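Read the structure below first, then the notes.
The values are calculated or read from the model by the stated rules, or taken from the named source; none is laboratory data. What you see is a predicted model; the values in this text were computed from it and never measured. Cβ coordinates were reconstructed from backbone atoms using ideal geometry, including for glycine residues, and neighbour counts include every protein chain displayed. When the accessible area is computed, the model is the full protein with side chains, heavy atoms only, and any ligands, DNA or RNA have been set aside. Shrake-Rupley method; radii C 1.70, N 1.55, O 1.52, S 1.80 Å.
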Amino acid sequence: MNKLTSRIDKERLLLGIAAPLLAVVAALVVTTLVILATGKNPGDAFSDMVTYGFASDSQVYILNKATTYYLAGVAVAIGFRMNLFNIGVDGQYRLAAFIAAVLGGALTVPGWLAIPLIILCAMATGALWAAIAGILKVTRGVSEVIATIMLNSIATAVIAYLLQPGKLGQLDQAGTLVSTKPLPSSSYFFSFDTGPAGELWGFIVIAVLVGVAYWFVLGRTRFGFDLRTVGQSETAAAASGVGVKKMIATSMIISGAVAGLIGMPTLLNDSHQFSNDFPAGIGFTGIAIALLGRNHPIGIALGALLWGFLERTTNHLEFQGYDKEILGVIQGVIVLCVVIAYEVVRRYGLKRQQQRVGAELAAQAAAPTKKQEVA
Amino acid sequence: MKILYGMQQPDEGTITVGGEQVVFHDPGDAIARGIGMVHQHFMLADNLTVLENVVLGAEKLHGIGGKARARIKEISDAYGLGVRPDALVEELGVADRQRVEILKVLYRGAKTLILDEPTAVLVPQEVDALFDNLRELKAEGLTVIFISHKLGEVLSVADEITVIRRGTTVGTVDPRGTTPKQLAELMVGSELPTPETQESTVTDVPMLTVDGLHLAQTDLDGIERIILDEISFTIHKGEVLGIAGVEGNGQSELVEAIMGMRRPDAGVVTLDGTDISHAPTRDRRESGIGYIPEDRHRHGLLLEAPLWENRILGHVTEKPNSRGGLLDLKAARADTQRIVEAYDVRTPGIDVTAASLSGGNQQKLIVGREMSHQPKLLIAAHPTRGVDVGAQAAIWDYIREARREGLAVLLISADLDELIGLSDTLRVMYRGRLVADADPATITPEELGSAMTGAATGHLEHTEDDAR
């Protein structure tokens, strides 16, 4: 009996890996065709991507990018586990980064106090922004998808309004960039010096901790079990004693709090201010990465690294005379394939398991008595 | 019924329509042969008009404009349906929606109509109106198959009655020469009830007291439908209280009210001396209510989760599933293994998903789970529905055992044999009220059946002669 159990588990693992693998392979095929269509050699392109992608400075760049993407992926995944589609991660992190940057610029306390304050402020802002959608959903039944899309636009407008010289922004010397007051250097987050390869952002440590916390809370705590229950079946959750509405609002808030962290690696390790060229759209990248990583903490990490790798290497391809749109093609195809592949693999896996269980039971029942009820 | 409408394929047997043997692969085939189905749950788009709903999917017949409207008027007038083509469906009440469903089927040229429990959602006056419509249809030469639990209705509307029990035809009778009692006999079978309890274990310590439970709901017409009406009863330790009744007479709502999943308008629920009327569901479960839900897929299981996670479901705050705020996976898994063995859940392991088990084994897992937390009260709603015969006997045994150990059991079932065999006290629920009570030691399924249709109320006495 144990043997069979472990076999089913192994199979499940295999099925789990099959979908993203299938998607990446399909994306490679499509990309090959696209490059061929533009009259270039795809083999050269791929080998360039690999050699360039594994250079040490590229590795640092990819890890730094992946730190941000990982946090975005986790923020979205928290919603997904709950059957909530938090499209608003984008607005949540931008607003959070902006408010945190304003606070950071204004603080005059020592770094050991300022940094946690900035991070907490970002998380609180993200959580509050997400809470609006969560509360609308549980009290008025407003779809969180619509509410968060709207809130994204509102966040953009609010930031644009406040980030003006004379309000919370200031013009730089060149007169082209508006930004918040820069953080004092005492509020910079630590980083690892990797010599000529550049600096590895210390925030990666926080990202790892977030991943561990995500895994632990969902998989090992009562709260996480309740959350997953609601995600799988609201009716069963209600019957089992979970306050479904409260859980929806809570998970939206947690998703928003993690979203608040997305801008922190950039703010604390790199830009040290929020300017109008602060990276935007990472919330949407997070959706793709959460899908790719199957909402699994390690899967999301792999997805984030893949995204960083693709971005780094296709940028370089551009200098080799390839079209830079290749990046969009690869990413788009991966996401599309992933969604299809998961559904196909999931259905296949469920059906296959039912058949196996049936076959196993039939065999068990046939052994002792021939005419036993096989249920 | 699903086979007749082409939704499922038969293993054996034939269907003959108008003298011609036919095979239906999908509902389209059935519609083409003039068979139409009016589902119990309406399949209408609320935000469209009646006209749009009727032509949806049948645009080829008469288009979507004036011709379609004329045809709808024509059908509506011919059968006295009184349908307004331009009304929005969301503005219609239940009875009107049902008429739209019937019209939809007629519009597609149906000559044979299947109505699945059409009266379950209607109030008495609406039932009468529906029967008038059906008689019109009949007069126009259409065939109607009317599926119902309610004996009185079947007798009043049908020209011929076929009784199906546990998947086989047990008889075909003429309603003119048949009494409800004879029909009930056919429905429940005259064999002796199998699930028999032995000695009484009823004590005089009340475990669950429900007092004056009242629940009303206002539908779209603004008509207030009373779902639970002054429900009061007491279950003592070691007592099984059985509630008989045709489904949809408020049983599900009663269970949900006791579980705290639905807030009644008035009434007090007391468990073991503690007022739990306002306690959340989780507190009620923790204080000792075990729950075998009516629909195990919706309320009892996480189908895509492994068995051991399903073992935690509903008892996540209790031992052995968790300690403090943390899950104790090792203990939960070990206990799942124990349940699987003790309750004979046939599965290759505890890591398979709940969906891959058969209904009977899913149910045994649920029973095992609920019995593993020393419940004081067990609510069992249709505990053996959709369960094979072997598992059925096992589940009856567990309920009897629980009763011996001093549990109070609220048993709700449509299986009269099960009710009579397991219960110490019987109540009959009809249109949201407990209308009758009976002693399971003397009552017969036929007598119970007539009370279920509202024909008899008060205390049901078994009479030796056929006075009733």
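In table form, for the structure just shown:
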{"read-out": "Test result for B:Y291, modelled with pLDDT of 85 or more, more than 10 Å from every other protein chain (Cβ to nearest Cβ) and surrounded by 21 or more Cβ atoms within 10 Å (Cβ to Cβ)", "value": "no"}
{"read-out": "Tabulated pairs, the stretch B:261-286, first away from chain A (no Cβ under 14 Å), second of a type in the set (K, R), C-beta under 7 angstrom, 6+ apart or interchain", "value": "B:L271/B:K376; B:D272/B:K376"}
{"read-out": "Some residue of the stretch B:336-345 being more than 30 Å from the chain's Cα centre (by Cα) and facing chain A (nearest Cβ under 10 Å)", "value": "yes"}
{"read-out": "Failed criterion for B:A32 (all others in (1) modelled with pLDDT under 85; (2) under 30 Å from B:A455 (Cβ atoms); (3) of a type in the set (A, V, I, L, M) hold)", "value": "(2)"}
{"read-out": "Subset of the stretch B:306-326 (residues that are outside any helix (DSSP H, G or I) and of a type in the set (D, E))", "value": "B:E318"}
{"read-out": "When residues of the stretch B:6-27 are limited to those that are modelled with pLDDT of 75 or more, assigned to a loop (DSSP other than H, G, I, E, B) and surrounded by 10 or more Cβ atoms within 10 Å (Cβ to Cβ), the one farthest from the chain's Cα centre (by Cα)", "value": "B:G18"}
{"read-out": "From the options B:D344, B:D283, residue that is out of contact with any His (no Cβ under 6 Å at 6 or more places or on another chain) and outside any helix (DSSP H, G or I)", "value": "B:D344"}
{"read-out": "Residues located in the stretch B:346-368, provided they are more than 19 Å from the chain's Cα centre (by Cα), of a type in the set (G, A, S), surrounded by fewer than 23 Cβ atoms within 10 Å (Cβ to Cβ) and facing chain A (nearest Cβ under 9 Å)", "value": "B:G349, B:A355, B:S358"}
{"read-out": "Number of the condition not met by B:D397 [criteria: (1) in contact (Cβ under 8 Å) with a residue 12 or more places away in the chain; (2) more than 29 Å from B:Q217 (Cβ to Cβ)]", "value": "(1)"}
{"read-out": "Filter result (open to solvent by 10 Å² or more (accessible area, probe 1.4 Å) and more than 8 Å from chain A (Cβ to nearest Cβ)) within the stretch B:301-321", "value": "B:P306, B:W308, B:E318, B:K319, B:P320"}
